[in-house]
Amino acid sequence: MPAISRRAFLSSAYLSVALLSAQGGITALAGPALAARGPRRPRVYTRSEWQADPPRSKAEVLDRAPDRLVVHHTATANTGAADLEAAFRLSRAIQRYHMRRNGWEDIGEQFTVSRGGYVLEGRNRSLPAAEAGKHVLGAQAADHNDHTLGIETEGTYTSCLPPARQLAALTSLLAWLCDTYELDPRVAIVGHRDLNRTACPGDRLYAYLPQLRADVARRLGGRAPRRLGAVPPWPALPDGSVEGTALVGDLPFEHGPAVGPHDLTRHPRVL
């Protein structure tokens, strides 16, 4: 009998239980079978819903999963506007800044979480790629874009934490991504400053990452993740600093280096 993947096995088991339940049999098994499927995908508002501008080119889809999920903050005001339209305005503003000010092909990050707790798709093709277990090449962590996925958390979190609804949405998104990509949250969830020299995602949010990892691990229910390799080294200068980076965080949408020499050498269209 040919070997099948864990995901394929669970999917087939779920379908079998659903059919039996519909026919009136072993209804009691439906709950555990659903739980075994892992965290559901949170509601993600697509680019068409937040009325994104067309990208200059289609994003590159890599036929593999990322191995790190990078938490950022947007370095914007901790606004009280928490409605859905405010979340849409945020994504449009980030995209305009990235495309017009930075000259990029599209918005840089793959996902954004607003202060109101809304999750939005970022760079074009990000959501369907994630659902397929693949990775869209973005512009969010210099020299690490080909193996990391970036999540923008609206606000500035140097001295305060995100509101509870935003943390809940961030946790749900990370749990779904870790389950989809079969990542260990204790290793995979990192802050921008873990990869580049920057203040992002702010001292308070960065200090909260261990709790965030633990919350995501609980959502996963202890299922075994795939093994993670070491983070590829990034170019270091003789004094130990990282080329092209700086401590940034006092300007809206500027929270540290997003594209580096490695990205431009190996993926010249990353911008």
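What to note about this one:
- The strands (runs of 3 or more DSSP E) located wholly in the range 47-138 that include 3 or more residues which are of a type outside the set (D, E, K, R) occupy 68-73, 111-113.
- Of all residues in the range 99-109, those satisfying the criterion of being buried (at least 24 other Cβ atoms within 10 Å of the Cβ) and either of a type outside the set (D, E, K, R) or free of Cβ contacts under 8 Å to residues at least 24 places away in the same chain (or both) are ILE107, GLY108.
- Odd one out for THR171, checked against (1) assigned to a loop (DSSP other than H, G, I, E, B); (2) within 19 Å of ARG68 (Cα to Cα); (3) not charged (D, E, K, R): (1)
- Residues within the range 45-94 that are β-branched (Val, Ile, Thr), surrounded by fewer than 18 Cβ atoms within 10 Å (Cβ to Cβ) and at pLDDT 95 or above, tallied: 2
- Test for LEU195: is it over 13 Å from the mean Cα position of the chain (by Cα) and over 22 Å from LEU137 (Cα atoms): no
- Single condition THR112 does not satisfy, out of (1) without any contact (Cβ under 8 Å) to a residue 60 or more places away in the chain; (2) in contact with a His (Cβ under 8 Å, 6 or more places away or on another chain): (2)
- Only one of THR171, THR158, THR180 that is assigned by TED's automatic domain parsing to the domain that holds ALA217, farther than 28 Å from ASP83 by Cβ and β-branched (Val, Ile, Thr): THR180
- Residues located in the range 144-164, provided they are within 18 Å of ALA199 (Cβ to Cβ), within 18 Å of the chain's Cα centre (by Cα) and of a type outside the set (Ser, Thr, Tyr): HIS144, GLY150, ILE151, GLU152, GLU154, GLY155, PRO162
The values are calculated or read from the model by the stated rules, or taken from the named source; none is laboratory data. Remember, predicted model here, so these are calculated numbers, not experimental data. Because the Cβ atoms are built from the backbone with ideal geometry, glycine has one as well, and the counts that use them run over all protein chains shown.
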